[in-house]
Structures are given as structure tokens and as C-alpha cells.
Amino acid sequence: MRASLVPAVLWAGAVGLVSLVVGPGAGAAVCGIFGLFPAVGFARRRREQHSIRCSAYGALAGVFKESVDLL
């Protein structure tokens, strides 16, 4: 996965900032949201008959791609 370091750092920075400003519970909520996005993407890809490997890679890459597109 090319350029996956930038969105991973962005997500980690968001978790750190939210944890610092609001509290550790809010940081955990951001982590939960990040975990939910690939899970939904994986389920959607499996429903479209993609392989398990394709679904896993594509779901995570899709989350990272959309994170970078927001910039």
C-alpha cells in the first residue's frame, strides 16, 4: 500500500490530540471509529464476491485513501 504512512500518522495524531484535549475515553472512541470503517468496507467487498485478501487490503486502503483525500 503506497503512501499509507501519511494517513496512519494523521489518524494517530487525531487520537493523540483528542486524548490529550478531551480524555482517554474520547481517544478510544476515535480508535473505534477507525476500526469500524475498514470493517464496513470489508463486509461490502465480501458481499460483492471479492476474495478475503482483496477485501482486507482494499478496505484498509480505502480508509487510508479517503483520509488523504480529505486534506
> Using only helices, what value at 222 nm comes out for the chain when you add -39,500 (n - 2.57) per DSSP H run of length 4 or more and divide by the total residues, to the nearest 500 deg cm²/dmol?
Replying inline: -28500 deg cm²/dmol
> How much of the accessible area of the chain, in percent, comes from carbon and sulfur atoms when a 1.4 Å probe is used?
Replying inline: 69
> Given the chain, what whole percent of its Cα pairs are spread farther than 18 Å?
Replying inline: 44
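How much accessible area per residue does the chain have, counting only protein heavy atoms and a probe of 1.4 Å, in square angstrom?
That works out to 72 Å² for each residue.
The values are calculated or read from the model by the stated rules, or taken from the named source; none is laboratory data. Keep in mind that this is a model prediction, so the values were computed, not measured. Only protein heavy atoms, including side chains, enter the accessible area calculation; ligands, DNA and RNA are left aside. Shrake-Rupley method; radii C 1.70, N 1.55, O 1.52, S 1.80 Å.
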